[in-house]
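Asker: First, the structure itself, so that you have it in front of you.
Here, each number is a calculation from the coordinates, and none is a lab measurement. Everything quoted here is computed from the prediction, not taken from an experiment. Virtual Cβ from ideal backbone geometry, glycine too; neighbours counted across all protein chains shown.
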Amino acid sequence: MTTNKRKLLSKTNVCETVKKRLQLQTDVGDRDHQGRDQDPTCSQYFPSKADTGIRLRFDFFNQPCVDLAKALLGKVLVRRHSDGTELRGRVVETEAYLGGDDEASHSAGGKRTERNTAMFMKPGTIYVYSIYGIYLCMNISSQGEGAAVLLRSLEPLEGHDAMRRLRASKRKEGAKTVKDKELCNGPSKLCQALDIQRCFDRRDLASDADVWLEMDTEWATSRERDVVSASRIGIDSHGEWATKPLRFYLRGHRCVSVVDKAAESMQ
């Protein structure tokens with residue numbers, strides 16, 4: 001075989017190899033694309049599966065109210081805006097509202113209204129209500145007729161500057177700059193800081209595109225967290241229910257809204 005024929009044959013083999021590789025890449029790409037289309041969680045509206053956080057689904061929310069209130073501690077609330085930016089905060093304080101006999105609950109006595117409908121919907125439903133016609137509070141429904149958990153305080157994790165701007169937009173001009181630990185240390189503060197809106201009411205937290213909860217696997221396994229049980233805030237007029245230990249927070253965390261030294265000393 002002449003030298004020219006060898007060169008020609010070599011070039012032909014290389015071309016065939018390149019074609020096969022390109023076709024293989026195309027086939028794999030098509031399969032990946034089809035897989036993303038078939039998986040409803042693989043889109044721009046959901047966190048990447050490569051993220052450290054694992055999105056919480058219905059099975060997590062489907063538990064008794066007190067259990068959910070405790071289980072939510074340490075989880076990460078994520079708020080995604082239309083431009084793709086995300087704000088994140090770790091739950092450090094919650095309150096359980098049991099419905100039924102719980103006189104402090106909006107659904108006490110099984111009373112169902114247009115306002116509290118979300119409390120009677122499936123576990124994981126967002127319940128947003130306003131107080132004084134100005135401030136919002138975010139709750140999550142659980143097992144139990146009319147039961148829900150109030151998110152009371154968060155530790156800001158991502159988007160501090162954006163949170164500060166959102167808080168400032170709701171405050172008087174000339175007010176002092178909000179410290180990091182005070183960005184989300186209250187139910188209405190966290191709604192302002194993460195731009196939780198009234199229209200989020202009755203949405204499914206397990207599948208919503210704008211707001212969801214994640215399990216922070218690294219934080220969850222780092223060490224056992226010390227949870228304090230104390231009375232709820234701002235319900236003094238509700239008899240014996242005012243003192244029941246249905247508020248839960250992480251001991252020693254700087255972002256807790258109200259520390260109960262008496263309760264801590266007994267636990």
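Asker: How high is the relative contact order of the stretch 78-211? Use alpha-carbon pairs under 8 Å, at least six apart in sequence, and give a whole percent.
Answerer: It comes to 30 percent, rounded to a whole number.
Asker: For the ranges 61-68, 185-192, what's the packing order if you count other beta-carbon atoms within 10 Å of each residue, average per peptide, and put the highest first?
Answerer: Put in order of decreasing packing, that is 185-192, 61-68.
Asker: Classify the stretch 53-265 from the C-alpha gyration tensor, please: rounded if a/c falls under 1.5, else prolate or oblate depending on whether a/b exceeds b/c.
Answerer: rounded
Asker: To continue, here is another question. Could you order peptides 72-85, 150-163 by the average number of other Cβ atoms within 10 Å of their residues, highest first?
Answerer: 150-163, 72-85
Asker: Could you go through the stretch 112-123 in sequence order and give the Karplus-derived ³J(HN,Hα) for each residue, using 6.51 cos²θ - 1.76 cosθ + 1.60 with θ = phi - 60°, rounded to whole Hz, and x for Gly and Pro?
Answerer: Whole-Hz 3J(HN,Hα) from phi for the stretch 112-123: 10, 10, 4, 5, 9, 3, 4, 5, 9, 8, 4, x.
Asker: Would you list F58, F200 from fewest to most Cβ contacts within 10 Å?
Answerer: Exposure proxy ranking, most exposed first: F58, F200.
Asker: With respect to the cross-link table entries K70/K111; K170/K261; K75/K111; K70/K176; K111/K181; K111/K261, which display a Cα-Cα separation exceeding 28 Å?
Answerer: Pairs exceeding 28 Å: K170/K261; K75/K111; K70/K176; K111/K181; K111/K261.
Asker: For a protection proxy built on the mean count of beta-carbon atoms within 10 angstrom, sort 129-142, 93-106 highest first, please.
Answerer: 93-106, 129-142
Asker: Where in the stretch 126-143 does the label zone of K170 land, with the point 7 angstrom along Cα→C-beta and an amide N cut-off under 17 Å?
Answerer: Counting backbone N atoms under 17 Å from the label point, the list is 127-140.
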